[in-house]
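In what follows, a structure is listed as C-alpha cells, so that the remarks can point back to it.
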Amino acid sequence: MDLSRKIEILAESAKYDVSCSSSGVMNNTRKGSIGSTATAGICHSFTSDGRCVSLLKLLFTNACIFDCHYCINRKSNAIPRATFTPQEVADLTMDFYMRNYIEGLFLSSAIIKNVDYTSELLIKTLKILRYEKAFKGYIHVKAIPGADEKLIEELGFLADRMSVNVELPSRESLKLLAPDKDPLALYKPMKQITHKKKEMAQVPALRNSAAFVPAGQSTQMIIGASPESDHSIVKIAEKLYQQYELKRVYYSAYIPVNHDSLLPAITTDPPLLREHRLYQADWLLRFYRFSADEILSEDKPNFNLYLDPKANWAVQHYEQFPVDVQSASYEQLLRIPGIGPKSAQNILKARKYYQLHLSDLKKLGVVIKRAQYFVSCNGITQPGLVNDPEWVISSLISSKQYETLKKANSQPLHEQLSLFDVERFETIKRKEARHAH
Ligand code: SF4
C-alpha cells in the first residue's frame, strides 16, 4: 500500500480522537496544491509555556485487536486497515515540519498485536525523530494502558505531552462497551506519570536531566454513549485534575459510527450542547475555584440546556447576590456571571485607586449583559433590577425558552433549573417545533 493511501486511511481513523485542542481541519488550498491539509489531519495543542501549536495528527495503525463497541476501528468492523512503519511516521513529520505546515506531532494508535508491542513501535518512532532527525518540536503521544511501566517511562522521556484516554466515565460502562480493556489498568499510567514528574521535580540531580512529559498529561471522555450523569462526569474530571494533575480533560460528544444494540440510537445531532456545558463546567473547576458538587449534585445531576453552569449556580444561590464589586473578595468576584479571572484582577487593582461605578465595569473587562443582574457598586444596583431569581432567569434567556422551561416545571425555576424533566422538556420542544412549521 502506498504512503498517501495509508495517510488517507489513518488520518481518517484518527479524527474521532479529541485529546488535543482541535480535530482535523480543512483549509482553502486547492486540491493537489502544496499546503493542502485536506487528507492529513492537523490539530492544535498547548505547550508547557502556553503556546498553541499545530500538530500533524496521525494514528500509527487502525488494525486493532480490541473490539470497543463505540469505535470505528474495532476489529469487527470491515474497514480499510493500514499501519505505518516508525520510519514513515518520522519522515512524514519531518516533511510537514520542513514545509512549515506543523510544529509537532500528535501520535495515537490502535492496539496492534499487544499493548507492549504497540508501545515499542511508538517509542521506535519517537527515537528516530528525536535522535536521528534531531527533531526538537512538540510531540503528543498516547500512553497505552496495560503496557509495561518501563515502556511508559521511556515514552515519557521522548514526548512533551502524553494522554491516557479514560474513554467512558464509569467502570460498568467500560466493561460493557470496551470489554477488552481493563478498567483498573486505565489509571495506572496516569499515576505513574504523575509520580515520576513529582520525583523528577524533587531531586535536584534529576531536575537537570532530560525532561519527563514537560507539557503534562491529558485525557478524553466520550459523552452520551453511556448513561452517566453530567454530575458524575464532572466529579471524575475533578478527581483527575486533583489526583493526577492533568492539564486537560477533553469531552467528546458521542458520534454513532457503528450500528450496535448496546449503544444509544442517536437520531439527531451528537450532544454538542452537553459537550459545551461540560467544557464550561471544566473551566469553572480549573479557573474559578468551583467544586464539582457546587456545579451539580446527585439531586440535580444534569446541566441546564439554556443557562451556562455559572449562571445556573448564581440563580440557585441568588441570596448571595448582588455582590458589591467595591468590597468583594477575589473569590466572590469570580462567582459573578460575566466576571472572569482577568476582569476580577482588574477590579481589585482599579478599586485601590478610585471608587468604582457600574459604568466603569465594562472597561475593566466585565460582560455587563450578564453581570448586571448580580452586581452592585457601593450599594447601587443596575436601574430596574428586580431582586427575584425568577425575574433574573426570564431576563437571561429568551421569552420562548422561559415559557418552555415553565411548562416543563411545576416548581419555581430557580429551585428546579437543572432538575427539570428533560423528557417532558424535549416533548414540549418537539411539539412547539411542529406547530412552528
Ligand atoms: S482499543 Fe478500542 S477505542 Fe482504541 S482503537 Fe482499538 S477498538 Fe478503538
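The values are calculated or read from the model by the stated rules, or taken from the named source; none is laboratory data. This one's a predicted model, so the numbers in the text were calculated from it and none came from an experiment. Don't worry about glycine lacking a Cβ; one is built from the backbone with ideal geometry, like all the others, and counts go over all protein chains shown.
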Requested in this report: Name the single residue, out of those in segment 141-167 being modelled with pLDDT of 90 or more and within 14 Å of the ligand (Cβ to nearest atom), that is farthest from CYS64 (Cα to Cα).
Outcome: SER163
Query - Qualifying positions in segment 269-317 - aromatic (Phe, Trp, Tyr) and within 18 Å of the chain's Cα centre (by Cα) - result: TYR279, TRP283, PHE287, TYR288, PHE290, PHE303
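Condition check ((1) over 24 Å from LEU285 (Cβ atoms); (2) hydrophobic (A, V, I, L, M, F, W, C); (3) at pLDDT below 90; (4) assigned to a helix (DSSP H, G or I)) across all residues:
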residue	(1), (2), (3), (4)
GLU331	no, no, no, yes
ILE339	no, yes, no, no
ASN346	no, no, no, yes
SER359	yes, no, no, yes
**Report entry** Options PRO86, PRO80; residue that is at pLDDT below 95, more than 26 Å from the chain's Cα centre (by Cα), closer than 24 Å to ILE7 by Cβ and surrounded by fewer than 19 Cβ atoms within 10 Å (Cβ to Cβ)
**Finding:** PRO80
Report task. Please state which one of VAL315, VAL366 is assigned to a loop (DSSP other than H, G, I, E, B), surrounded by 15 or more Cβ atoms within 10 Å (Cβ to Cβ) and of a type in the set (A, V, I, L, M, F, W, C). Result -> VAL366
Query - Residue in segment 263-278 that is modelled with the highest pLDDT, counting only those that are closer than 30 Å to ASP67 by Cβ and in contact with a Phe, Trp or Tyr (Cβ under 9 Å, 6 or more places away or on another chain) - result: LEU278
Requested in this report: Would you mention how many residues in segment 229-247 are among the charged types (D, E, K, R), in contact (Cβ under 8 Å) with a residue 60 or more places away in the chain and surrounded by 19 or more Cβ atoms within 10 Å (Cβ to Cβ)?
Outcome: 1
Query raised in the report: Do you know which residues across segment 296-312 are surrounded by 23 or more Cβ atoms within 10 Å (Cβ to Cβ) and assigned to a loop (DSSP other than H, G, I, E, B)?
Result: LEU296, PHE303, ASN304, LEU307
Query raised in the report: within 13 Å of the ligand (Cβ to nearest atom) and in the same structural domain as LYS181 (by TED's automatic domain parsing), is that true of LYS113?
Result: yes
